[in-house]
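The values are calculated or read from the model by the stated rules, or taken from the named source; none is laboratory data. On a predicted model such as this, the values are computed, not experimentally measured, just so you know. Note: ideal-geometry Cβ built from the backbone for every residue, glycine included; neighbour counts use all protein chains shown. To get the accessible areas, we keep the full protein, side chains included, count just its heavy atoms, and leave off ligands, DNA and RNA. Shrake-Rupley method; radii C 1.70, N 1.55, O 1.52, S 1.80 Å.
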Amino acid sequence: MDCDLRSSPKPSERVVSSLGSALLVLALAACEPPPPEHVLIPAPALFERATADTFFVTADTPIVFDSGDAEGQRVARFLAALIGNTTETTPDVVPSDDPPGAPAIRLTRTGADPLLGPEGYRLTVDSSGATVASVEAAGLFYGVQTIRQLLPALVEYTAAYTRPLYLSAVEIRDSPRFEWRGSMLDVSRHFFGPVEVKRFIDLMALYKLNRLHLHLSDDQGWRIEIPSRPELTRIGSTTEVGGGEGGYFSTNDYVDLVGYAADRFITIVPEIDMPGHTNAALASYPELNCDGVARDLYTGTEVGFSSLCVEREATYRFIEDVVGDIAAVTPGPWFHMGGDEVTTLSEDEYNAFVQRTQTIVAANGKRMVGWDEVLSANLAPGSLVQLWRPLWPEGGESGSLDSSRAAAAAKVRENLTRAVEAGVKFIASPADRVYLDMKYEPSTVLGLSWAGFADERTSYDWDITDIFSAIPEHAIAGIEAPLWAETIGTMADIEHMAFPRLAGVAEHGWSNAGDRDWESYRARVAAHTERWEVLGVNYRRDER
Ligand code: TNX
């Protein structure tokens, strides 16, 4: 369908004056994006549709950044590249001390409202141009993602042919509810390389997500080069679930990924799971086993059988090396030490291990993150706990969890109060809502169902403060959706399990509870499926 209207001021005028055919009016309507209030995910904090004006973006529309603002310039280039998919030439990116006469898109940090915070922004569009104002570059980037979503979905199409690009006049003031808006990729059970991880990062950025947690080690494979411990990759990286050849990120790959993510305002959170989920390490270094005998490599899907030998000093020298090497190439402030599903240690042994690891992490300048089992240990202020087991209210339903898991959940609740008082913060990852490896419904081919089925509505229609009522909102850092990869082998699999649900998780993280509504969200997801088609995202089509 030809929608080439670039030279005309308004779609309606062009149609009436030059063509006047009902058929073409229809064709044109198909090229017009839905009304802007119906497209944005996550929903913005304050949206006003200013007037009926439309701002046409062309190859001649410059993108202006504040002179001297290198980060603003980078964000401007991101937008120029996006628009350049559609226009014949990429728009100019120009500094503000060389102001263009023509209508422009301006990204500025002057005149921004500090109340909107470092990630917040104001976006104003009228017929004379568009302006994003934010105190920090992150807010400029999120304003640009909003512009992106307001542009027709075809802007994502990289095989350029000219099409009209226009923005409806709007005034948006927006800022996130939570600072931690994340997803996790399990690259251990199946290895996903830089190409896949970068594509995932690109898709996260569209939804203003800002943390990518990489689960870099587990029983089935060690996935990051540790220069001081070469056997980890020589031996431990060579397997994956089901017998594939595995793989790992070289230090260069990892540094490149960290930079790629940072360019999109996403911080990588590396996880080395300890003391359990360590068979790949136990196979690589015999001294990590209490009997001093290296384990065989493992390609099954059982959990809970492996543990580093917590009595041996060799184990702590190992952890120092691993944390040190990873911390040295991780600019983000966090190191995730796992800590989940340990069945072979006493509680005292486990707690002592967590506390000693926490000290090592701190000595390397990082803040520790751990799965909720670590709550039984004494946690330091600034440590983060990732809650994966649902915390039902006392006496509430215990859902699909068996009695041992329900008992564990009760214990978690008990330890919460102590941790909150110690200055610990929490990341909400309730498995029955946001685990992206849970099947949508019984007939979903991929995924698991131990926490139940999570269709789009189950995954979206709840609030963090309902489920985690035991935690004051100030202690909730945010939300994260893990994608475990026992059954996930390809990028297409990742996309199928992540979309649409990850978009809903992004809205949980960004939008105020009062601005989230299932019916509205559902309509907006329908608009996004068009963009996913253009991007080639293998999203889950709900056929019901
Ligand atoms: C539980 S959640 C695990 C993972 C599995 C996942 C499968 C957590 C901290 N541990 O080891 O991959 O379930 O859904």
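Bin by bin, in steps of 5 Å, what percent of the Cα pairs in region 46-174 do you find, going until the bin that has the longest distance?
Whole-percent P(r) values from 0 Å outward: 2, 12, 23, 25, 22, 12, 4, 1, 0.
Could you please state how large a percent of the accessible area of region 180-535 is carbon and sulfur, counting protein chains only and using a 1.4 Å probe? Write out the running numbers ahead of the final one.
Numbers: 6070 of 12000 Å².
Using a 1.4 Å probe with all protein chains present, region 180-535 comes out at 51 percent carbon and sulfur.
Across the chain, how many lysine pairs, 8 or more apart or on two chains, come within less than 23 Å at their alpha-carbon atoms? Walk me through the numbers before you get to the answer.
Details: K198/K208; K208/K425; K366/K425; K411/K425.
The result is 4.
For W334, what residues show an amide H to amide H distance below 5 Å, using hydrogens built from the backbone and excluding near sequence neighbours?
R367
Which Rg and Dmax, in Å, describe the Cα atoms of region 218-354?
For region 218-354, the Cα radius of gyration and maximum Cα-Cα distance read 14.8, 46 Å.
Looking at region 459-544, which GluC sites (Glu not before Pro) are DSSP coil and have at most 12 other C-beta atoms within 10 Å of their C-beta? Show your work: numbers first, answer last.
Numbers: sites: E473, E480, E486, E495, E507, E519, E530, E533, E543; in loops: E486, E543.
In loop regions of region 459-544 (DSSP not H, G, I, E or B), the sparsely surrounded GluC sites (Glu not before Pro) are E543.
Any idea what angle helix 137-150 forms with the longest principal axis of the chain, computed on alpha-carbon atoms, 0 to 90 degrees, nearest 10?
Helix 137-150 and the main axis of the chain meet at about 60 degrees.
Could you let me know the centre-to-centre spacing of region 118-141 and region 230-268, using Cα atoms, in angstrom?
If we compute the Cα centre of each part, the gap is 35 Å.
Give the accessible surface of region 46-174 per residue, rounded to a whole number of Å², with probe radius 1.4 Å and ligands, DNA and RNA excluded. Walk me through the numbers on the way to the answer.
Values: 4870 Å² over 129 residues.
Here the residues of region 46-174 average 38 Å² of exposed surface.
Please report, in whole Å, how far the alpha carbons of region 340-386 spread along each principal axis, starting with the longest.
30, 19, 14
According to the Kirkwood expression over distinct Cα-Cα pairs, how big is the hydrodynamic radius of region 327-477, in Å? Don't skip to the end; give the middle numbers.
On the way: mean 1/r = 0.0609 Å⁻¹.
After inverting the pairwise mean of 1/r, the radius is 16.4 Å.
Taking every DSSP beta bridge with both residues inside region 180-535, roughly what % is antiparallel (nearest 5)?
On the way: 2 of 35 bridges.
The answer is about 5 percent antiparallel.
Against the longest principal axis of the chain, how steep is helix 501-510, in degrees 0 to 90 to the nearest 10, with axes from Cα atoms?
Once rounded, the angle reads 80 degrees.
Based on the Cα coordinates of region 437-483, what is the per residue volume of their convex hull in Å³? Don't jump to the answer; show the numbers that get you there.
On the way: hull volume 3.9 nm³, N = 47.
Considering the Cα atoms of region 437-483, their hull volume per residue is 82 Å³.
Could you tell me the calculated FRET efficiency between E341 and A52, based on Cβ-Cβ distance and R0 = 60 angstrom, to the nearest 0.05? The partial results should precede the final answer.
Details: r = 57 Å, r/R0 = 0.95.
About 0.60, to the nearest 0.05.
Heavy-atom accessible area per residue, region 180-535, 1.4 Å probe: how many Å²? Display every interim value, and only then the final one.
Working: 12000 Å² over 356 residues.
Using a 1.4 Å probe on heavy atoms only, each residue of region 180-535 averages 34 Å².
Compute the projected area of the convex hull of the Cα atoms of the chain, averaged over all viewing directions, and report it in nm² to one decimal place. Mind showing how you got there, number by number?
Working: hull surface 102.3 nm².
Mean shadow area of the hull around the Cα atoms is 25.6 nm².
Whole angstrom only: what separates the Cα centroid of region 271-287 from the Cα centroid of region 52-89?
Between the Cα centre of region 271-287 and that of region 52-89, the gap is 48 Å.
If one takes the longest principal axis of the Cα atoms in the chain, at what angle in degrees, from 0 to 90 and to the nearest 10, does the Cα axis of helix 403-422 lie?
That works out to roughly 80 degrees.
At a 1.4 Å probe radius, carbon and sulfur cover how many percent of the accessible area of region 46-174? The partial results should precede the final answer.
Details: 2480 of 4870 Å².
Carbon-and-sulfur percentage of accessible area, whole number: 51.
From the C-alpha gyration tensor of region 220-272, pull out the three semi-axes of the equivalent ellipsoid (sqrt of 5λ each), sorted largest to smallest, in whole Å.
Numbers: eigenvalues 106, 34, 15 Å².
Three semi-axes, in Å: 23, 13, 9.
Over the Cα atoms of region 132-245, what is the Rg over Rh ratio if Rh follows Kirkwood? Can you show the working numbers first?
Numbers: Rg = 19.6 Å, Rh = 17.4 Å.
We get a ratio of 1.13 for region 132-245.
List, in order, the whole-Hz ³J(HN,Hα) value for each residue of region 248-254 obtained from phi through the Karplus relation with A = 6.51, B = -1.76, C = 1.60 and θ = phi - 60°; use x for Gly and Pro.
Once rounded to whole Hz, the list reads 7, 8, 5, 4, 4, 4, 5.
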